[in-house]
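S.K.: Can you read through this structure? Questions will come right after.
The values are calculated or read from the model by the stated rules, or taken from the named source; none is laboratory data. Since the structure is predicted, the reported quantities are computational estimates derived from the model, not experimental observations. Glycine gets a Cβ as well: all are built from the backbone with ideal geometry, and neighbour counts include every protein chain shown. All accessible areas refer to the heavy atoms of the entire protein, side chains included, with ligands and DNA or RNA removed. Shrake-Rupley method; radii C 1.70, N 1.55, O 1.52, S 1.80 Å.
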Amino acid sequence: MTPTPSFAPVRRATCSVLAGPSRATAWLVSPKGLFATSHSALGYQVEVDLETEPGDRKPARVVWVDVARDLALILADAGLPRAAEPMAPLTLRDLPAVKSGDRVFTVASLPGRGLRIAPASICAAPRPHSLSPGATPIPVSTTAPTPPADLIDLDTPSIGPRGGPVVDTDCRVIGLLVCPPRRAPVPAAAPSRASVLPAADLRTALRALEPAPDLPRRSPVYRCPTCSTPFVPEHDACLACGAPLPHPYPADPSNAPAERTVRDLLATAGVVANRARTGPRTWQIFARPPGTDPVPVTLTLNDPLTAAAFRAPVACAPRTAREPFYRLLLTLNDQTTGPFRLTLKGDRVHLLLAVPIPMLEGRDLLPTLTAFGEAADHFRKILSEGFEAAPLLTLDEAPAW
C-alpha cells in the first residue's frame, strides 16, 4: 500500500536502521531523539546508522535493550537524519485498549526501498490489565527476571524488517513489530502472523530511561530472558542458568570444530562471530583497505564443511559488449587475480577466495582481508573504466517488496 497524506505522521517518524549486516525499521518515539526498534532484527550491533526515505543517513547508538521483549532503543546522538519534513515522534496509544477485530496498519522501511504501509486486523489482544497505565514497569538495571510480554497478534505477516510501528487509523502507535517468542512447532500450513509488543510496554521503558542523565553515555546490557543474568554476544548459552541465548542463528553442535575455527579466525580481526552471523553457515564482515570505502565480505562454509569461501561484490555486467567483457574476466583470472577468482552469478561479478578449513586454523585474518578488499576495489575500477560496468557495492539481493 502506497503511503497517502493521511500517513504523514508515520513518514515523519519512520526510518531504516543499518547495523552491520542487519536491517531493521525504527521510528522516533521520544523528543529526546530515541528511536524504537526490534532487538532481534537489529542484532547485537551497538553503532548503527539511521536512514530516512530521502536517503539522508546519520550515525546513532543502541543505548538500551530488553532481550525478552525484543525491544531496543536507539539514541540519535549525532542529530536526527533529514527527511522531507522534520522528524517528529509518534503518539503512543494506551487507551482505549485494542481488541480483536480492530483495523490497524503495519509499517516497514528498507534503505533505498522506501516506506511501506499495509492494512491488518488484530486477531488476538493481550489481557486488559497489561495495557493499563499501572502495568508492571520494564526493569532497566535490576537483576530480577523480566516477565514475559503479552503480545498482540495480527492476521497478516510483517511486510518488511521488524521494528516498525503498528498504528491505528489516527496514526497512534498501538505497538511495535517484534519476533514472537519461541513456541512449540506449528504445522507448515499454519498461517503466518505478525506479533506486536503493546505500546504500554514501550511507555514504561521510556519512563525509566528518558530521565537518565547519562543517556548519551549508556551502553546496552543484554540479559538472559530466562534468569536476567547479563551476558555478552560471544556466548551461545547463559553462564548462570545454561539456557540457550536468543541468537538468530544458534550454533550447531554438529558443526562445532568448523564454527570454532571461524570464531577464532574472526577474533583475530576483532569481530565477534555472533554479531557478524547472517545465516546458519554465513558471516558478513568488512574489509577496510587504506584509502577506499569498506568492502563487505561474506564468509560461507560449504555443505560438507571442508572449505570456507570469501566473497566480495565487484561490478554488474554491462548491458552491451557482453562477449568482450566475459573474455576479460577469463583473462584476468588466468593472469592477474593470484589466489582470488572473479566469478559471475547472473549479471553480478564477485571476487572469490576459497580456503580449506584446516588452513584457517591459527591464521591472522587481517592481512588476507585487507588484500581481498584491495583486489575487489582494483577489479571494480578496471571493469568500470573498460566497460562502464556499474560498481556492485553489496552481495545482498534486492528485497522483494
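S.K.: On the basis of being in contact with a strand residue (DSSP E or B) (Cβ under 7 Å, 6 or more places away or on another chain) and exposed (fewer than 13 other Cβ atoms within 10 Å of the Cβ), does PRO296 make the cut?
M.R.: Working: in contact with a strand residue (DSSP E or B) (Cβ under 7 Å, 6 or more places away or on another chain): yes; exposed (fewer than 13 other Cβ atoms within 10 Å of the Cβ): no.
When the stated conditions are applied, PRO296 does not pass them.
S.K.: Here is a further query. If VAL262 satisfies all but one of (1) within 17 Å of TYR44 (Cβ to Cβ); (2) open to solvent by 20 Å² or more (accessible area, probe 1.4 Å), what's the number of the condition it fails?
M.R.: All conditions are met except number (2).
S.K.: Any residue that is more than 17 Å from VAL46 (Cβ to Cβ), surrounded by 16 or more Cβ atoms within 10 Å (Cβ to Cβ) and of a type in the set (Ser, Thr, Tyr) - is there at least one of those in segment 226-242?
M.R.: Yes, the conditions are met somewhere in segment 226-242.
S.K.: Looking at the structure I just gave you, is ALA84 at pLDDT below 90, open to solvent by 10 Å² or more (accessible area, probe 1.4 Å) and either part of a loop (DSSP other than H, G, I, E, B) or among the aliphatic types (A, V, I, L, M) (or both)? Explain how you work it out, then say what you get.
M.R.: Working: at pLDDT below 90: yes; open to solvent by 10 Å² or more (accessible area, probe 1.4 Å): yes; either part of a loop (DSSP other than H, G, I, E, B) or among the aliphatic types (A, V, I, L, M) (or both): yes.
Answer is yes for this residue.
Residues are listed down the side, and each one gets a yes or a no for (1) touching a strand residue (DSSP E or B) at 6+ places or on another chain (Cβ under 9 Å); (2) part of a loop (DSSP other than H, G, I, E, B); (3) of a type in the set (Lys, Arg); (4) open to solvent by less than 40 Å² (accessible area, probe 1.4 Å):
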position: LEU305; (1), (2), (3), (4): no, yes, no, no
position: PHE310; (1), (2), (3), (4): yes, no, no, yes
position: PRO313; (1), (2), (3), (4): yes, no, no, yes
position: LEU329; (1), (2), (3), (4): yes, no, no, yes
position: LEU344; (1), (2), (3), (4): yes, no, no, no
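S.K.: Turning to a different aspect of this structure: Return the pair list, or none, for Cβ contacts closer than 9 Å from residues in segment 213-228 that are part of a strand (DSSP E or B) to residues that are open to solvent by 20 Å² or more (accessible area, probe 1.4 Å) and polar (S, T, N, Q), at least 6 apart or on different chains.
M.R.: ARG223/THR143; ARG223/THR146; ARG223/THR229
S.K.: Look through ALA68, ALA36, ALA76, ALA26 and report the one residue that is in contact with a Phe, Trp or Tyr (Cβ under 9 Å, 6 or more places away or on another chain) and under 22 Å from VAL232 (Cα atoms). Quick ask: steps written out before the conclusion?
M.R.: Working: ALA68 fails: in contact with a Phe, Trp or Tyr (Cβ under 9 Å, 6 or more places away or on another chain); ALA76 fails: under 22 Å from VAL232 (Cα atoms); ALA26 fails: under 22 Å from VAL232 (Cα atoms).
Answer to the selection: ALA36.
S.K.: Is segment 379-394 home to any residue that is closer than 27 Å to ARG263 by Cβ and part of a helix (DSSP H, G or I)?
M.R.: Of segment 379-394, the ones closer than 27 Å to ARG263 by Cβ are 394.
Then drop every residue that is not part of a helix (DSSP H, G or I), which leaves none.
Checked segment 379-394: no residue is closer than 27 Å to ARG263 by Cβ and part of a helix (DSSP H, G or I).
S.K.: Quick one: PHE286 ticks every box in (1) hydrophobic (A, V, I, L, M, F, W, C); (2) closer than 24 Å to ALA41 by Cα; (3) open to solvent by less than 50 Å² (accessible area, probe 1.4 Å) bar one, so which box is it?
M.R.: Of (1) hydrophobic (A, V, I, L, M, F, W, C); (2) closer than 24 Å to ALA41 by Cα; (3) open to solvent by less than 50 Å² (accessible area, probe 1.4 Å), only one is false for PHE286: (3).
S.K.: Sort out which residues of segment 243-259 are open to solvent by 60 Å² or more (accessible area, probe 1.4 Å), assigned to a loop (DSSP other than H, G, I, E, B) and not charged (D, E, K, R), and write them in order of number.
M.R.: In the first step, residues of segment 243-259 are kept if they are open to solvent by 60 Å² or more (accessible area, probe 1.4 Å); the result is 244, 248-250, 252-254, 257.
From the residues that got through so far, the ones that are assigned to a loop (DSSP other than H, G, I, E, B) too are 248-250, 252.
Once the filter is applied, which keeps residues that are open to solvent by 60 Å² or more (accessible area, probe 1.4 Å), assigned to a loop (DSSP other than H, G, I, E, B) and not charged (D, E, K, R), segment 243-259 yields PRO248, TYR249, PRO250.
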